[in-house]
Amino acid sequence: MQLMMYIGNDLIESVPLNVDCLSQPGYLGKFKRMLKDKYALLIRESKTPPEFLVADITPSSHSAWAQS
């Protein structure tokens, strides 16, 4: 799983997550704070606030590409 930070349509950075820790309070928040601090200048210059998405981006064997 990855935590991805977007500003507008641009992916700024993705951070790998430990799936077992997702239910711990503050686990995602510490990564979000770290990314916001790291890209504070970019966020200030942008007209849109950052958005975050958690997704499993590991390819599966049942994808459309694997069935060709």
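The values are calculated or read from the model by the stated rules, or taken from the named source; none is laboratory data. Small disclaimer: the values here were computed from a predicted structure and weren't measured. So basically every Cβ, Gly included, is an ideal-geometry build from the backbone, and we count neighbours across all protein chains shown. Heads up: the accessible areas ignore ligands, DNA and RNA and are worked out on the full protein's heavy atoms, side chains in. Shrake-Rupley method; radii C 1.70, N 1.55, O 1.52, S 1.80 Å.
Listed here are the residues, each with its yes/no results for (1) within 17 Å of the chain's Cα centre (by Cα); (2) part of a helix (DSSP H, G or I); (3) at pLDDT below 95.
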residue: GLY29; (1), (2), (3): yes, yes, no
residue: PHE52; (1), (2), (3): yes, no, no
residue: PRO59; (1), (2), (3): yes, no, yes
residue: SER68; (1), (2), (3): no, no, yes
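Among the residues of segment 15-38, the ones that are open to solvent by 50 Å² or more (accessible area, probe 1.4 Å) and hydroxyl-bearing (Ser, Thr, Tyr) come to 1 in all.
Might you let me know whether segment 42-50 holds any residue that is in a helix (DSSP H, G or I) and open to solvent by 100 Å² or more (accessible area, probe 1.4 Å)?
yes
Figure legend. Inter-residue proximity from segment 1-29: first residues in contact (Cβ under 8 Å) with a residue 24 or more places away in the chain and farther than 13 Å from GLU51 by Cβ, second residues acidic (Asp, Glu) and outside any helix (DSSP H, G or I), beta-carbon distance below 9 Å, spacing 6+ or different chains. Indicated pairs: MET1/ASP56; GLN2/ASP56.
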